[in-house]
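Report on one structure; see the data block that follows.
The values are calculated or read from the model by the stated rules, or taken from the named source; none is laboratory data. As the structure is a computational prediction, the values presented were derived from the model and not from experiment. Cβ placement follows ideal geometry from the backbone for every residue including glycine, while neighbour counts extend to all protein chains displayed. The accessibility values were calculated without ligands, DNA or RNA, using every heavy atom of the protein model including side chains. Shrake-Rupley method; radii C 1.70, N 1.55, O 1.52, S 1.80 Å.
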Amino acid sequence: MRNLSLILALTASLFFCNCSSDNHRDSSDPFEEVALELIDSLVVDELSPLQLQDVNLESEKVLLVGKNRNVLLTDLKGEKLNEFALAEDGPNGVGRNGAFGYKFLGGDRFVAQGLFTSYFVYDLEGKQIRKIPYNAKELYRISIYKSRTTFHPYMENGQMMMIGEELNFFSNEEMDPKVLGAGFYDKISSIYRYNMDSEENEILESFPASWEPRANQRYVGNLIAFVSLHDTKKSYALLPLQGSQLFIYDVDEEVKLREDIQLEHPNRPQNAPTVASDGTAGYSDYPAFSNVLFAGEYCLVQFFSTIPESKISELRAIQEQYFNTPEYREATKQYVKPYFILVKNGKQVGIINELPVNGTVEFLDKNGVIYINDNVNPEVERDYNVFYKVKIKD
């Protein structure tokens with residue numbers, strides 16, 4: 001029954017894609033809707049919902065983590081190769097609280113980001129090889145993401161390196177927008193390059209000088225930026241969560257800005273609204289960016305539409321704690337939807353307004369394959385996990 005239901009799901013989705021396969025996408029039109037094609041799926045025989053952490057095409061291996069915080073290693077079809085119980089205090093553990101995420105380091109190791117304690121390097125048998133001090137000294141704030149990891153380990157000249165995001169380089173006083181105003185963007189950053197061998201940490205910029213709010217000295221809030229390391233490990237994408245610009249950097253001995261790319265979408269304003277730096281601003285329906293994935297020729301930028309301010313005012317009039325009401329949940333279903341902007345060769349080449357299958361985008365590989373997690377809120381209950389592979393069609 002399992003195989004039959006999966007085949008039916010794949011067949012239905014393939015029919016959806018083939019209906020529009022004759023439409024040629026004009027890459028000169030940034031608003032052209034991009035055609036997607038369901039090509040395959042990663043099926044894992046596991047009851048509890050899994051989240052995809054990383055895919056290594058060279059070694060043909062996949063890292064996943066379950067609700068029980070166990071780490072699974074599979075092949076590209078989902079066949080289990082190994083399973084590790086690392087959320088414990090033993091010699092191979094990361095601590096009972098588990099880790100923020102797991103990423104491959106080359107084809108024969110992976111790295112776990114402990115909860116503000118250490119980074120842990122493992123071989124593919126689950127043996128801990130190295131324990132490396134965390135690169136932030138204090139804990140001021142915490143963000144946990146369900147469908148993305150915030151660190152990207154790689155090898156450079158024989159040394160273990162990492163590029164990522166960290167919110168704890170600056171204290172609350174150092175980040176006070178009432179003091180800094182728009183100067184916040186000149187001084188504050190959450191992006192780093194960390195040498196895990198020498199334990200040297202380099203803070204990189206989150207807001208380039210050409211980023212519109214910084215260039216015009218406008219304060220638009222204290223959301224930071226996301227980063228995604230390219231599969232070649234020679235460049236990365238930087239995405240400030242407000243505004244409409246994507247930045248591509250070259251990674252060498254020095255990190256250098258290469259491209260400043262304008263992003264547009266019909267469902268998103270071009271400029272982020274100016275807000276008060278004293279924290280008095282209320283609810284805003286401005287749709288900040290929510291993810292960036294960078295691999296091969298493509299960069300995929302995600303945002304969610306939001307509940308309009310007028311609707312929130314209606315809900316607040318019913319009850320001050322409106323976010324606990326059935327009306328709020330219904331408004332979320334009605335208004336909050338994912339949208340994507342696609343970038344190729346340094347320019348926007350289209351948008352994605354609908355996915356051909358249910359689920360959450362979790363990964364983009366160098367072949368232009370998008371991995372969609374249909375396990376947290378599946379349309380059909382099942383006793384196994386499915387990650388659909390959707391191809392960006394040229």
#### Entry: Selection within the range 229-247 - over 15 Å from the mean Cα position of the chain (by Cα) and not in a strand (DSSP E or B)
THR232, LYS233, LYS234, GLN242, GLY243, SER244
### Task
Return the only residue of VAL376, VAL357, VAL380 being open to solvent by 80 Å² or more (accessible area, probe 1.4 Å), assigned to a loop (DSSP other than H, G, I, E, B), under 30 Å from GLU60 (Cβ atoms) and in contact with a helix residue (DSSP H, G or I) (Cβ under 7 Å, 6 or more places away or on another chain).
VAL380
### Task
Select from the range 138-149 the residues that are open to solvent by 30 Å² or more (accessible area, probe 1.4 Å) and polar (S, T, N, Q) and list them in ascending order.
SER143, SER147
### Task
Considering only the range 46-63, state which residues are touching a residue at least 24 places away in the same chain (Cβ under 8 Å) and either of a type in the set (Val, Ile, Thr) or within 20 Å of LEU86 (Cα to Cα) (or both).
GLU46, LEU47, PRO49, LEU50, GLN51, LEU52, GLN53, ASP54, VAL55, LYS61, LEU63
### Task
For the range 45-81, enumerate the residues that are over 21 Å from PHE363 (Cα atoms) and in contact with an Asp or Glu (Cβ under 9 Å, 6 or more places away or on another chain).
LEU47
### Query
Of all residues in the range 269-303, how many are open to solvent by 80 Å² or more (accessible area, probe 1.4 Å) and either without any contact (Cβ under 8 Å) to a residue 24 or more places away in the chain or under 25 Å from the mean Cα position of the chain (by Cα) (or both)?
4
### Summary
For the range 134-152, pairs from a residue that is closer than 14 Å to ILE191 by Cβ to a residue that is part of a loop (DSSP other than H, G, I, E, B) and open to solvent by less than 30 Å² (accessible area, probe 1.4 Å), with Cβ under 7 Å and 6 or more apart or across chains, are ASN135/GLU166; ALA136/GLU166; ALA136/ASN168
#### Entry: Test: residue in the range 49-58 that is exposed (fewer than 12 other Cβ atoms within 10 Å of the Cβ) and modelled with pLDDT of 85 or more
yes
### Task
Name the strands (runs of 3 or more DSSP E) wholly inside the range 61-123 in which the number of residues that are crowded, with 20+ Cβ neighbours inside 10 Å is 3 or more.
61-66, 71-75, 99-105, 109-114, 118-123
### Query
If you take the residues of the range 124-149 that are of a type in the set (Val, Ile, Thr) and not in a strand (DSSP E or B), which of them is nearest to LEU81 (Cα to Cα)?
THR149
